[in-house]
């Protein structure tokens, strides 16, 4: 299973990833952070990466 990573230089803190996968992503200090890297099975991390307007989410 892919592990999500956030590129903090690209993240604008829009929160779209949090809306799709609140079990995996959370906003902290106006940036998204990964809080549940092993929880992509409970939501669609690929969708979160796809809708990120700055492509700040990588699935590794």
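What follows is calculated from the coordinates using simple rules that are stated; it is not laboratory data. Owing to the predicted nature of the structure, the values given are computational and were not obtained by experimental measurement. Glycine gets a Cβ as well: all are built from the backbone with ideal geometry, and neighbour counts include every protein chain shown.
Observations
- Once you reduce the range 46-60 and the range 1-44 to the center of their Cα atoms, the two points are 9 Å from each other.
- Separation in nanometres of the label points that stand 7 Å from Cα toward Cβ, at residue 12 and residue 31: 1.7
- For the chain, average projected area of the Cα convex hull in nm²: 3.3
- Taking a point 7 Å out from the Cα of residue 44 in the direction of its Cβ, the residues of the range 1-26 whose backbone N falls within less than 11 Å of it are 20-21.
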